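A.B. asks: Sharing a structure with you now.
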Amino acid sequence: QEGAPPMLEVRDVSKQFRGLKALSEVSLTVERGEIRGIVGPNGSGKTTLFNVVSGFYKASGGRVLMDGRVISGGRPYRLSMLGLARTFQNLRLFGELTVRDNLLVALDRTRTRAIWRYLLWPVGIWRQERRLHRRADALLERFGLTEFAAAPPGSLPYGIQRRIEIARAMAGSPRLLLLDEPAAGLNGEEVRQLAEIVRSIRDSGVTVVLIEHNMGLVMSLCERVTVLSNGGVIAEGTPAEVAGDHTVIEAYLGD
Ligand code: ADP
């Protein structure tokens with residue numbers, strides 16, 4: 001909407017680990033409905049940036065705003081309540097649970113009506129449970145996971161596991177989704193499916209920020225790309241613009 005604050009604003013964020021400056025005064029703005037790519041050589045600070053934005057690390061300086069509200073300093077559960085979800089570079093699924101249970105534990109519960117809570121609580125629980133299962137079914141369907149619902153994720157192909165992780169992040173109905181290298185380890189066909197999934201997530205009104213090494217995917221998905229090197233932003237623009245930027249090319253040559 002006109003005049004609405006950006007979905008995500010990172011202002012002069014720094015992060016220091018003992019002697020090492022992993023991020024130095026990083027600033028970037030992601031608009032509502034965007035798919036933003038974050039690229040950069042290994043060790044440039046991409047995952048650290050995600051960890052700061054999602055509240056897993058406390059910034060040494062600067063601020064993060066979501067929807068115009070300061071969220072830096074907030075713990076991850078609180079940011080998740082505000083509508084932020086993320087995935088991890090290394091999958092973090094519950095390997096022993098079924099795919100369905102992995103989604104069920106992540107679903108946000110809606111409030112039960114007072115009458116069910118206080119007077120007829122067994123009915124309330126039953127209704128709530130039925131609602132959660134219906135929503136799990138919808139998620140399974142949406143992400144093409146219905147046939148794997150009863151399987152433990154550990155037994156499934158890697159590409160499917162990545163999809164489960166995205167589905168689980170979406171279970172909390174986020175408005176902002178951070179994906180950390182979603183295409184890592186995927187084959188060509190799986191990358192193509194991933195691109196479709198990310199586009200459909202954006203089309204459903206969710207803003208997406210993704211760290212990605214697969215340049216083909218970044219080119220096809222992102223309107224804008226932010227390039228990090230040595231903990232700082234060295235370029236930002238359309239994928240074509242940053243790919244032709246000599247500072248960016250030099251940063252990658254040193255990788
Ligand atoms: P990228 O995701 O771009 O590969 P990272 O954000 O993982 O880069 O790392 C940036 C720098 O910060 C690296 O030098 C890395 O070793 C360092 N770093 C990241 N996390 C930690 C941590 N928890 N403790 C100490 N150093 C860290």
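Taken together, the values in this text are just the output of simple stated rules run on the coordinates, not laboratory data. Keep in mind it's a predicted model, so treat the numbers as computed, not measured. In this analysis, Cβ positions are derived from the backbone assuming ideal geometry, glycine residues included, and neighbour counts consider all displayed protein chains.
A.B. asks: Figure the gain on full extension for Arg134 and Ala149 (residue separation times 0.36 nm, minus the Cα-Cα span) and round it to one decimal in nm.
C.D. replies: Extra length from Arg134 to Ala149 when fully extended: 4.1 nm.
A.B. asks: Considering only DSSP beta bridges with both partners in the chain, what is the antiparallel share in %, to the nearest 5?
C.D. replies: Working: 19 of 35 bridges.
Looking only at bridges with both residues in the chain, the antiparallel portion is about 55 percent.
A.B. asks: Considering only segment 178-240, what is the antiparallel percent among its DSSP beta bridges, to the nearest 5?
C.D. replies: Taking every DSSP beta bridge within segment 178-240, about 60 percent pair in antiparallel fashion.
A.B. asks: Which of these, Arg199, Arg18, Arg63, has the largest mean-square fluctuation under a Gaussian network model of the chain (Cα springs below 10 Å)?
C.D. replies: Sorting by GNM fluctuation, first place goes to Arg18.
A.B. asks: What does the extension gain come out to for Ser173 and Tyr77, with contour length at 0.36 nm per residue minus their alpha carbon separation?
C.D. replies: Using 0.36 nm per residue and subtracting the Cα-Cα distance, I get 33.2 nm.
A.B. asks: At a Förster radius of 22 Å, what calculated FRET efficiency corresponds to the Cβ-Cβ distance of Lys21 and Tyr252, to the nearest 0.05?
C.D. replies: The calculated FRET efficiency here is 0.60.
A.B. asks: Continuing with the same structure: By how many nm would the segment from Glu189 to Arg92 lengthen if fully extended, with 0.36 nm per residue of separation less the alpha-carbon distance?
C.D. replies: This chain segment gains 32.6 nm when fully extended.
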